[in-house]
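Working notes for the structure below.
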């Protein structure tokens, strides 16, 4: 299953070679497919190619499975091609837009993709030389751990080449490298050692072999800010695939005589396009920032009253997710705009500084680095910064400030500084608990009342608004009581009388439903609690017993006797004892009658 794309590709290649001579030249205009509903294969821009030339088929693979990570992901081209309109309505002619080789349908390994995350893909192909200009569709298959995940289409645009035959354009180079992609500029402070790794991606169409990356050294501290302690700073790679990114680690000590500022570090990259090909060379530059002594500035410091510098502002921002719960991670997307109408900015350093609570930052970055470097920003241009952040737990629910400090160069001045601030709201989850429920009395008769008292403690970080408590049971009159607002860390007390309306027929459980409103006035789901309350029938009825307290009080006794002193109390006690005996007898009879009725039901 894991090699399904490659296997089908080999089968198609054999069939294609057998029938290719019988297929007439294609004519007509290609038709596009609607890719707006794709959930896995996302093409932000239509890839463009030229007939007979190499091109990169670029798109994004997105994990659309909520809560599931795709592991061992592979992606490749499916060999069923696409169709274009024929000369007559309803006619169609099979067209596959690329030259078919053993590598055309090879899958590319992407590793793991987390839920909701993307990975960029670039598949090198060569466009057929006989292909007419127009739109074509290509089917892509995605596998995870050898199992099918999705098959979706992307559109491509093919045009005729404008250069001389055999001439390769700059963006169609077999091998080409880019340094420092998707990473912040390394920052070092003297006398510390700077530890950093440089990302290097092969953006060419084919793999590079025998790659050697040599750092260009210089004894001049104004050119090269690091001590030259090692004799060799080369990094070697046997092979770098098309679209693959490798890392080159470095550990560099800062020179004592190096000045603060940005330094371009040059690299010479030697490689072969094939295992036996000639060695080719490419040069590239990577910037680092050093903090040490300041250089004497003969051009003068920036004049704050001079308005010829660029103005960099926050054009907009968003958080993912939109609602941030304290203690949870989120992604901040900042869109920074050069609001100047004519002045560009360069060497821009954006540093994020969080508001602090109790000397601790509310927001921190997951990577540990809070700085992002942008090489340049033209007048009116907008750049997007994406930072994964973590909010601090245990803070109050409100908005907190995040300051973006900007340091950049303007054409006439260097090290211009500005600061802009955004407010990010943080939410807290409401929490409450209840203390001991006091029920007085917890046994009563129909028509009587019981006093219910207990505390409600706000153990969260937000105010509980308009707290209400409702009491429900078959044996009582449904009752509501208003408690009011309860601030964090405070307690609201419940003190209510409830009336018994019917004898208890169950275990004597009474429900308490505690509800409250949030800051927007929306009632939240009820918190349910229980307590015990037994309700018996009213004892003021004919018990079938002739008992009169007078029977006990009319007995003549000597004044000094024990019974003479306590005849009323003894009479009342006897009466209550008799009533209790009668109640027990009556309940037993009732249970027996119920059992007999159940037996009859079972027999019938």
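Going from the residue with the fewest nearby Cβ atoms within 10 Å to the one with the most, 516, 259, 482 rank 482, 259, 516. In segment 432-536, Cα pairs under 8 Å separated by at least six residues give a relative contact order of 30 percent.
Here the contact order of segment 312-426, divided by its residue count and restricted to Cα pairs under 8 Å and six or more residues apart, works out to 32 percent. Rounded if a/c is under 1.5, else prolate if a/b beats b/c, else oblate: with a ≥ b ≥ c from the C-alpha gyration tensor eigenvalues square-rooted, which is segment 312-426? Note, shape of segment 312-426 comes out prolate. Residues 432, 143, arranged from fewest to most other Cβ atoms within 10 angstrom of their Cβ, appear as 432, 143.
Take the alpha carbon gyration tensor of segment 432-536, find the square roots of its eigenvalues, order them as a ≥ b ≥ c, and report rounded if a/c is under 1.5; if not, report prolate when a/b exceeds b/c, else oblate. Walk me through the intermediate numbers first.
Working: a/c = 2.61, a/b = 2.16, b/c = 1.21.
Here segment 432-536 falls in the prolate category.
Neighbour counts of other C-beta atoms within 10 Å: give me 331, 128 arranged from fewest to most. Mind dumping the intermediate values first?
Values: 331 14, 128 19.
In increasing order of surrounding Cβ atoms, one gets 331, 128.
When peptides 216-223, 457-464 are sorted by average Cβ neighbour count within 10 Å, with the highest value leading, the order is 457-464, 216-223.
Any read-out appearing in this document is the output of simple, stated calculations on the displayed coordinates, not a laboratory observation. From a predicted model like this one, the values you see are computed outputs, not experimental measurements. Backbone-built Cβ (ideal geometry, glycine too); neighbour counts: all protein chains shown.
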